[in-house]
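For reference, the structure is listed below as structure tokens.
The values are calculated or read from the model by the stated rules, or taken from the named source; none is laboratory data. This one's a predicted model, so the numbers in the text were calculated from it and none came from an experiment. Glycine also receives a Cβ, built like all others from the backbone with ideal geometry; neighbour counts cover every protein chain displayed.
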Amino acid sequence: MNSTEKKDCDSLPTGWRKTSLGELTYQFSKKITPNLNSEYKFIGMDCIEKDTLKPSFLHEFKDFKSSGNFFQEGDVLYGRLRPYLNKVYQAEFNGVASGEFIVMNSTENIVNKFLMYILHSNQFVHWSNALASGDKPRVKYNQISNYPIQLPPRNEQKRIVSKIEKLFSNLDNSDKYLLHLEKQLKRYRQSVLKSAFEGNLPYEYIKTNLSKVVTQISIKRMPIDCPEAHFIGMDCIEKDALKPHFTYKFKDFKSAGNEFSKNNLLYGRLRPYLNKVYLAEYDGVASGEFIILKMNEDILGEYIKYLLHSQEFVNWSNAQATGDKPRVKFSQIIK
């Protein structure tokens, strides 16, 4: 051991040691195919929201056609697609996950929950995100396995996990109150929308359908055409939100996208229940999972935005969706 290594080791608390993710875990790769008798729950990337540690909902694996990654209770699932989304989950049951999750088993040297919190830390998120590559940036297990870890003894790991969970519990109590307020606001907002769109129409209203008030815009652009343009992917808009919480630069992609202009309406056609609608505040490019709508001259964009965002429309649109990854087409929603 040279002097630098000795100094590094001396700086660690007693009993701690330096190691790496790859020395403490291994990737569990077992593909299984769905069938009508399958009772497994399925976790897709859409099931876990950004920066959270468990699914907000689950799919039935029997409803899918493609194979998935089998996992067992206690395994740690790490979302490898767009690592900045920070989707990590320690499984509480046996099930199946999307191929966008790396399923990790741990050795006896590390407590699973301690591993989960390491992967959830900002330090790891930034480190992993820097390794991601591709149109839809992903990482592989053999990349993240090099992540350096300062590992305490198992008992200390358990103590740290207990402390983290106590602090998180205090935060959760605050979050629950805020969530209660948020749900009340959502219910109130949907009530307002329901009144606006399902009330007794005054005599000056005209009944029509969507096809008479909007047209679909289909202009494909490549990144070379407008490299500095804002690019909006489905992950840029959270469930039930009305605007992106971040955007990409189009130059970071390779595939074509759908051009949109300010005041065009973007409607998320993939899994309509996610309720992703945005009235554009600037020109840009969007994923092909968005339908781009242009309002007729006498139609207020804000009105159509709230119409498509209403629970009645969400339920109606969702019933039209088909496929493994349920989508709707413009020709379906304009009816």
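Please verify whether segment 288-311 includes one or more residues that are in the same structural domain as TYR248 (by TED's automatic domain parsing), free of Cβ contacts under 8 Å to residues at least 60 places away in the same chain, more than 28 Å from PRO227 (Cβ to Cβ) and of a type in the set (Val, Ile, Thr). Talk me through it step by step, then tell me what you get.
Keep residues of segment 288-311 that are in the same structural domain as TYR248 (by TED's automatic domain parsing), which gives 288-311.
Checking which are free of Cβ contacts under 8 Å to residues at least 60 places away in the same chain leaves us with 288-290, 297-298, 300-303, 308.
With more than 28 Å from PRO227 (Cβ to Cβ) added as a condition, the list becomes 297-298, 300, 302-303, 308.
Next, only the ones that are of a type in the set (Val, Ile, Thr) stay: none.
Within segment 288-311, none of the residues are in the same structural domain as TYR248 (by TED's automatic domain parsing), free of Cβ contacts under 8 Å to residues at least 60 places away in the same chain, more than 28 Å from PRO227 (Cβ to Cβ) and of a type in the set (Val, Ile, Thr).
How many residues does segment 256-265 contain that are in a strand (DSSP E or B) and either charged (D, E, K, R) or modelled with pLDDT under 90 (or both)?
1
Within segment 247-255, identify whether any single residue is in a loop (DSSP other than H, G, I, E, B), within 26 Å of LYS87 (Cβ to Cβ) and free of Cβ contacts under 8 Å to residues at least 40 places away in the same chain, and answer yes or no.
Residues of segment 247-255 that are in a loop (DSSP other than H, G, I, E, B), as a first pass: 247, 253-255.
Now drop any that are not within 26 Å of LYS87 (Cβ to Cβ), which leaves 247, 253-255.
This time we only want the ones that are free of Cβ contacts under 8 Å to residues at least 40 places away in the same chain, so: 247.
Looking through segment 247-255, at least one residue is in a loop (DSSP other than H, G, I, E, B), within 26 Å of LYS87 (Cβ to Cβ) and free of Cβ contacts under 8 Å to residues at least 40 places away in the same chain.
How many residues, within segment 109-129, are over 17 Å from ASP51 (Cα atoms) and either among the aliphatic types (A, V, I, L, M) or without any contact (Cβ under 8 Å) to a residue 24 or more places away in the chain (or both)?
Counting residues in segment 109-129 that are over 17 Å from ASP51 (Cα atoms) and either among the aliphatic types (A, V, I, L, M) or without any contact (Cβ under 8 Å) to a residue 24 or more places away in the chain (or both) gives 2.
Of the residues that sit in segment 291-335 and are polar (S, T, N, Q) and assigned to a loop (DSSP other than H, G, I, E, B), which one is farthest from the chain's Cα centre (by Cα)? First the steps, then the outcome.
Within segment 291-335, the first condition is being polar (S, T, N, Q), and the residues that meet it are 296, 310-311, 315, 317-318, 320, 322, 331-332.
So of that shortlist, the ones also assigned to a loop (DSSP other than H, G, I, E, B) come out as 296, 310.
Values: ASN296: 33, SER310: 22 Å.
Ranking the qualifying residues of segment 291-335, first place goes to ASN296.
Here are the criteria: (1) within 30 Å of TYR248 (Cα to Cα); (2) out of contact with any Pro (no Cβ under 9 Å at 6 or more places or on another chain); (3) buried (at least 19 other Cβ atoms within 10 Å of the Cβ); (4) of a type in the set (A, V, I, L, M, F, W, C). Tell me which single one LEU58 does not satisfy.
(3)
Hey, can you tell me all the residues within segment 119-148 that are under 16 Å from GLU23 (Cβ atoms) and crowded, with 20+ Cβ neighbours inside 10 Å? Give the derivation first.
We begin by selecting, within segment 119-148, every residue under 16 Å from GLU23 (Cβ atoms); these are 119, 124, 141-148.
Once the filter is applied, which keeps residues that are under 16 Å from GLU23 (Cβ atoms) and crowded, with 20+ Cβ neighbours inside 10 Å, segment 119-148 yields LEU119, PHE124, ILE144.
Scanning for something aromatic (Phe, Trp, Tyr), farther than 22 Å from SER133 by Cβ, assigned to a loop (DSSP other than H, G, I, E, B) and assigned by TED's automatic domain parsing to the domain that holds LYS305, does segment 266-284 turn up at least one residue? Walk me through it before giving the result.
As a first pass, look at segment 266-284 and keep what is aromatic (Phe, Trp, Tyr): 267, 273, 278, 282.
Now restrict to residues that are farther than 22 Å from SER133 by Cβ: 267, 273, 278, 282.
Now drop any that are not assigned to a loop (DSSP other than H, G, I, E, B), which leaves 282.
Those still in the list that are assigned by TED's automatic domain parsing to the domain that holds LYS305 too: 282.
Yes, there is a match, as at least one residue in segment 266-284 is aromatic (Phe, Trp, Tyr), farther than 22 Å from SER133 by Cβ, assigned to a loop (DSSP other than H, G, I, E, B) and assigned by TED's automatic domain parsing to the domain that holds LYS305.
Residue pairs, Cβ under 9 Å, 6 or more apart or interchain, first in segment 22-42 and among the aliphatic types (A, V, I, L, M), second part of a loop (DSSP other than H, G, I, E, B). List them.
Between residues of segment 22-42 that are among the aliphatic types (A, V, I, L, M) and residues that are part of a loop (DSSP other than H, G, I, E, B), the close pairs are LEU24/THR107; LEU24/ASN109; LEU24/ILE110; ILE32/SER38; ILE32/TYR40; ILE32/SER67.
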